[in-house]
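This report concerns only the one structure given below.
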């Protein structure tokens, strides 16, 4: 099911934290092949909200998608893109990336940055179609529950 006329894009409030956690953990269940446990918890979402907004797409009272945007000078870091699994591959993820990029543009950012995990080779391809190019790697020490060795691939695009 794609977005409908009832779809609403808005910034998250602290009242949305539990819904964001549930959505992200459902959407990232695909990563259970290399990581045990949940992708994120309420404390992590609250911490992230201190550094930038979560943009939410909902349909009536159902959260469909979210993305986090963190401003850093002339760059916006975009992360935790999550789309309800039942609505993936419908263009919603691309829309949410555009919304986060537009947030950065409005704040004066010239570049958008993302990180994808190395054991998901489909992700650079997907983000490449949105104009992102690989520009480095970073340690993935924060993934403490990784079953296999992983690292992050960093990608950027001009805005």
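The values are calculated or read from the model by the stated rules, or taken from the named source; none is laboratory data. Note that the structure is predicted; figures quoted are calculated from it, not measured. Neighbour counts are summed over all protein chains in view; Cβ atoms, including those assigned to glycine, are modelled from backbone coordinates with ideal geometry.
Tabulated values for the structure
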read-out: Residue list for the stretch 24-48, filter: in contact with a helix residue (DSSP H, G or I) (Cβ under 7 Å, 6 or more places away or on another chain) and either assigned to a strand (DSSP E or B) or free of Cβ contacts under 8 Å to residues at least 60 places away in the same chain (or both); value: 26, 38, 39, 40, 41, 42, 45, 46
read-out: Residue match in the stretch 57-79 (condition: assigned to a loop (DSSP other than H, G, I, E, B), touching a residue at least 12 places away in the same chain (Cβ under 8 Å) and either touching a helix residue (DSSP H, G or I) at 6+ places or on another chain (Cβ under 6 Å) or crowded, with 17+ Cβ neighbours inside 10 Å (or both)); value: no
read-out: Matching residues, the stretch 80-95, being at positive phi and either in contact with a strand residue (DSSP E or B) (Cβ under 6 Å, 6 or more places away or on another chain) or part of a strand (DSSP E or B) (or both); value: 80
read-out: Verdict on residue 114 being modelled with pLDDT of 95 or more and under 20 Å from residue 44 (Cβ atoms); value: yes
read-out: Matching option when the condition is in a loop (DSSP other than H, G, I, E, B), touching a residue at least 60 places away in the same chain (Cβ under 8 Å) and surrounded by fewer than 12 Cβ atoms within 10 Å (Cβ to Cβ), among 119, 148; value: 148
read-out: Selection from the stretch 141-159 of residues that are touching a strand residue (DSSP E or B) at 6+ places or on another chain (Cβ under 7 Å) and either modelled with pLDDT under 60 or within 30 Å of residue 106 (Cα to Cα) (or both); value: 143, 145, 146, 152, 153, 154, 155, 156, 157, 158, 159
read-out: Flag if residue 74 is within 20 Å of residue 27 (Cβ to Cβ) and at pLDDT 95 or above; value: no
